[in-house]
Amino acid sequence: MSSISIQAFNGQFGLTSSELRTSLTNFVTVVLGLLSLVALFTLMIGAIRWAVSGSNEEFKDQAQAMISGSIISQIIIILAWAIIVFVVSTVQPS
């Protein structure tokens, strides 16, 4: 099984290392942005469910679980973005 190198990938598509790094960083940033929007949408749905649950404790518990899950997801997304920015900024081009 042969390994795929960055140089072979760059040569095939005509990209330099910095262009490939920029393209991958932009792609990951867009994906994390979309995931962040999903987490925000989930937070809003959970807040609405909590507001309309009235005195039904089961619905309140489900809404609170949804809210806490979306907040935890948002924290994970922000940390993933920070790690990616740190790694990309510290890796030197070869």
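Tabulated data for the structure shown
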| read-out | value |
| --- | --- |
| Of the criteria (1) closer than 17 Å to Phe86 by Cα; (2) surrounded by fewer than 14 Cβ atoms within 10 Å (Cβ to Cβ), which one Val28 fails | (2) |
| Selection within segment 37-54 - of a type outside the set (A, V, I, L, M, F, W, C) and surrounded by fewer than 16 Cβ atoms within 10 Å (Cβ to Cβ) | Gly54 |
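No lab work stands behind these numbers, since they all come straight from the coordinates. As the structure is a computational prediction, the values presented were derived from the model and not from experiment. Cβ sites come from the backbone with ideal geometry, for glycine too, and all protein chains shown count toward neighbours.
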